[in-house]
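What follows is a single structure, written as structure tokens, with notes after it.
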Amino acid sequence: MTIVATMKAVVLIGHGGPEMLQWREDIPVPVPGANEVLVQVSAAGMNNTDINTRIGWYAPEVTGATDQTVDQEVESGGWDGALQFPRIQGGDLCGRIVAVGNDVDMAIGTRVTAPLCLPRPTLDNPVGLKVIGSEMDGAFAQYCVLEARDVFDVRASPLSDVEIAAIPCAYGTAEGLLMRAGVRKGQNVLITGASGGVGMAAVQLACLRGAVVTAITSPAKAEAVRAAGASHILERGAVPQKASYDVAIDVVGGDSFGDLIRALRPGGHYAVSGAIAGPIVAADLREIYLPDITLHGSTYQPPEVFERLVKLMNEGAFRPLVSRTYPLRDIGRAQTDFMSKTLPGKLVLIPPQEGA
């Protein structure tokens, strides 16, 4: 196929509101170097991290919930400190390889996806990460370049491109949480934010492990969460029963932290990878060390996490819920709908497909 010289993309020009997202039609198509592939993006999932990065929420001086306006200028608002602008965001993708660099043994036309968090350990930082759409340009564009070692062949999957694009961030995060907490068959698992991307993924993947899931969500989304596999529903704001769960999977944070700790049985595990209700929490340390509670922070994902997800994708072992798709140019409307929290599951953006 003939690859054009320029592409359409959404470019983040700095931290702030939706006005910092610019639609461009003159971005040079990246050229794959040695050990790299050029992927034509067919679908790009949207996540909390896209909005968190845009508003600069990861900066340590920001302490509010993710739906609050960041009213100060921040310098280190990305996952790993300061971002280089302009930046093409978008960590979730499904697409097809259209060009390869030297020393790449992958066929043109291969349908691929990639994990959001790319392990890049060093001697100084054994848990080093490079995040697509944060430290490198991502999938809110017609094309993106990735290292060949980071892309996975999903031609065998019965899932659509849109469904595959809904998986990397949410399901990678969820699988990482479940792995850290050691979730296994027969355990009682409590999951917050269960109607969102990561929460619903955690419900599905915990059920695949044979766990019994209690999900915290709003009544309007309870049916969708039950359909994902939850055995029990707790209404948002309800206090879970004390000492009733082996594991708590939390993507909400905020004022519910203490209730989640008290809901764990002695020897229980609490795993967290999000704080949409706020990152600052209050804790009674006696409620942690006396019952031997283990706390897990989870961002880094060992390679086996995404390898397991690819296997499950190719087997069709689960199907993500995609509530709505949008043309990439309508990213502002999509993010408004996302922040309204009225739609369960995932929202996915579709780049223009000229030449596909």
Taking Val11, is it β-branched (Val, Ile, Thr) and modelled with pLDDT of 95 or more?
-> yes
Read through the list (1) within 14 Å of Asp250 (Cα to Cα); (2) open to solvent by 20 Å² or more (accessible area, probe 1.4 Å); (3) not aliphatic (A, V, I, L, M), then give the number of the only condition that Ser195 fails.
-> (2)
Sort through Ala194, Ala170, Ala201 and tell me the only one that's touching a strand residue (DSSP E or B) at 6+ places or on another chain (Cβ under 8 Å), closer than 18 Å to Arg324 by Cβ and modelled with pLDDT of 95 or more.
-> Ala170
Quickly run through segment 308-339 and pick out the residues that are of a type in the set (Gly, Ala, Ser), assigned to a helix (DSSP H, G or I) and under 18 Å from the mean Cα position of the chain (by Cα).
-> Ala334
Going through segment 138-164 one residue at a time, which ones are buried (at least 24 other Cβ atoms within 10 Å of the Cβ) and touching a Pro at 6+ places or on another chain (Cβ under 9 Å)?
-> Ala139, Phe140, Ala141, Gln142, Tyr143, Cys144, Leu146, Ile164
Is one or more of the residues making up segment 321-337 among the aliphatic types (A, V, I, L, M) and more than 30 Å from Asp26 (Cβ to Cβ)?
-> yes
Taking segment 97-148 as the region of interest, how many residues are touching a residue at least 40 places away in the same chain (Cβ under 8 Å), assigned to a loop (DSSP other than H, G, I, E, B) and touching a Ser or Thr at 6+ places or on another chain (Cβ under 9 Å)?
-> 4
Go over the candidates Asp250, Asp292, Asp259 one by one and state the one that is within 26 Å of Gly197 (Cα to Cα) and in contact with a strand residue (DSSP E or B) (Cβ under 7 Å, 6 or more places away or on another chain).
-> Asp250
Looking only at segment 192-213, count how many residues are free of Cβ contacts under 8 Å to residues at least 60 places away in the same chain and either under 21 Å from the mean Cα position of the chain (by Cα) or not in a strand (DSSP E or B) (or both).
-> 10
Residue satisfying condition, being under 25 Å from Gln335 (Cβ atoms), assigned to a strand (DSSP E or B) and open to solvent by 10 Å² or more (accessible area, probe 1.4 Å), within set Ile276, Ile233, Ile216, Ile280 | Ile216
How many residues are open to solvent by 50 Å² or more (accessible area, probe 1.4 Å) and over 19 Å from Ser42 (Cα atoms) when one looks only at segment 301-356?
-> 12
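The values are calculated or read from the model by the stated rules, or taken from the named source; none is laboratory data. If you're wondering where the values come from, they're calculated on a predicted model, not measured in any experiment. Don't worry about glycine lacking a Cβ; one is built from the backbone with ideal geometry, like all the others, and counts go over all protein chains shown. Quick note on the areas: whole protein, heavy atoms, side chains included, nothing else; ligands and nucleic acids left out. Shrake-Rupley method; radii C 1.70, N 1.55, O 1.52, S 1.80 Å.
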